[in-house]
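Single-structure report; data block below.
The values are calculated or read from the model by the stated rules, or taken from the named source; none is laboratory data. Keep in mind that this is a model prediction, so the values were computed, not measured. Every residue, glycine among them, receives a Cβ derived from its backbone with ideal geometry; neighbour counts consider all protein chains shown. Calculation scope for accessible area: heavy atoms of the full protein, side chains included, ligands and nucleic acids excluded. Shrake-Rupley method; radii C 1.70, N 1.55, O 1.52, S 1.80 Å.
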Amino acid sequence: ESEPATPFCYDLFGFKAANGRTDLTAAIAIPGNVIKGNLVDGRMIYAIELSLIVIDTLDARVERRDTTLRLWSSRPLGVGENIRLHMNMSARPSTSTIHRILVRNAHDPKAGTLYGGPAEVPEFSGRALTLSEVVLADSATSGPWQRDMVRLSLLPPRQITTSQMFSLFYEIYNLPTGDRYRTEIEIKPTGGSGLMRGVKRLFGGKGGEVRLSFEEQPNSNLAGTDQELRRVTADLSPGRYKVTVNVTNLRTMET
């Protein structure tokens with residue numbers, strides 16, 4: 001008899017970390033109707049075991065993190081509602097890595113699902129102008145995921161309802177102090193299907209595409225990183241979209 005599955009969707013994001021390493025964030029969404037909780041004192045308690053594993057296939061190195069998270073709801077969750085979680089881990093950069101993400105119901109350890117595949121752990125330690133991966137979050141000014149002074153509520157299903165405001169967050173590395181730079185954001189319809197990494201699916205209202213442009217001075221934190229948080233209301237037709245973020249140093253024209 002097969003074990004019950006706990007399907008979920010996820011994104012995996014990379015950011016610059018100390019000592020030449022890379023900070024990874026796995027953002028996970030579990031449909032509320034596929035996971036069972038326990039009723040305790042009138043509240044529905046969900047206990048979820050998470051594992052994030054990165055395997056370098058060239059040197060057989062394994063890095064992993066495991067945790068158990070407990071959440072509660074005033075009622076059982078249903079169709080169209082998600083339990084949104086995240087897990088952070090530091091890893092060594094590599095182009096030969098695969099990843100595994102395991103989600104289990106701690107109330108029923110046999111109920112779980114393992115997903116994975118190739119996933120480069122990006123390298124950010126050079127001197128070239130570089131961007132982190134782009135994070136999609138809701139429009140709230142705070143949330144459970146924190147990066148330096150920024151706190152966000154991530155949207156791993158990557159779904160935006162009609163005319164909803166949402167946030168794009170990313171980091172810029174190696175912008176010299178005093179050099180003005182231009183940021184261009186383009187949101188365009190795209191075809192294709194299946195699970196995609198990063199921010200590649202938006203669902204919204206009317207129109208075909210969105211283009212935004214900003215010119216600014218660097219405002220680096222102590223680690224020399226510029227953090228950008230853009231809140232956007234996209235008037236888009238229903239469908240699938242690709243977000244492109246392009247940053248140009250206006251002194252050197254490095255892009």
What nm value, rounded to one decimal, do you get for the distance between ARG180 and TRP72 when each label is placed 7 Å out toward the C-beta? 5.4
Quick one: 3J(HN,Hα) in Hz for the stretch 100-115, Karplus 6.51/-1.76/1.60 with θ = phi - 60°, rounded, Gly and Pro as x. 9, 10, 10, 10, 10, 7, 5, 6, 8, x, 6, 8, x, 9, 10, 10
Counting heavy atoms of the protein chains only and a 1.4 Å probe, report the per residue accessible area for the chain as a whole number of Å². 51
When only Cα pairs under 8 Å and 6 or more residues apart are kept, what is the percent relative contact order across the stretch 1-93? 35
Could you grab the relative contact order for the stretch 22-142? Cα pairs under 8 Å, six or more apart, rounded to a whole percent. 30
Residue-ordered couplings for the stretch 240-255, obtained by feeding phi - 60° into the Karplus form 6.51 cos²θ - 1.76 cosθ + 1.60 and rounding to whole Hz (Gly and Pro as x), are 10, 9, 10, 9, 10, 10, 10, 10, 10, 6, 6, 8, 9, 6, 5, 10
Extension reserve of the ASN19-THR190 stretch, reckoned as 0.36 nm per residue once the Cα distance is removed: 57.8 nm
Ranked output for segments 80-88, 36-44 by mean other Cβ atoms within 10 Å, highest leading, reads 80-88, 36-44
Stretch gain in nm, segment ARG64-ASN221, where the contour uses 0.36 nm per residue and the Cα spacing is subtracted: 53.7 nm
So between GLN164 and CYS9, what do we pick up on full extension, going 0.36 nm a residue minus the alpha carbon distance? 53.7 nm
I want to make sure I understand the PRE zone here: with the label point 7 angstrom from the Cα of ARG127 toward its beta carbon, which residues in the stretch 164-187 have backbone N atoms less than 13 Å away? 174-176
Simple spin-label estimate for ILE98/ASP148, 7 Å along Cα→Cβ, in nm, reads 3.6
In percent, how large is the relative contact order of the chain, given Cα pairs closer than 8 Å and 6 or more residues apart? 18
Which of the peptides 136-149, 163-176, 235-248 is most tightly packed, and how do the rest follow, judged by the mean count of other Cβ atoms within 10 Å per residue? 163-176, 235-248, 136-149
Taking all protein chains as present, what is the carbon and sulfur share of the accessible area of the stretch 1-64, in % to the nearest whole number, probe 1.4 Å? 50
Projected label distance in nm at ASP138 and ASN88, using a 7 Å step from Cα toward the beta-carbon: 2.1
Neighbourhood charge, 12 Å Cβ-Cβ cut-off, centred on ARG211 and excluding it, Lys, Arg +1 and Asp, Glu -1: -2
Read-out semi-axes √(5λ) of the Cα gyration tensor in Å, candidates [x] 42, 18, 16; [y] 36, 20, 16; [z] 32, 23, 17; calculated match is [z]
Arrange the peptides 96-102, 7-13, 124-130 so that the one whose residues have, on average, the most other Cβ atoms within 10 Å appears first. 7-13, 96-102, 124-130
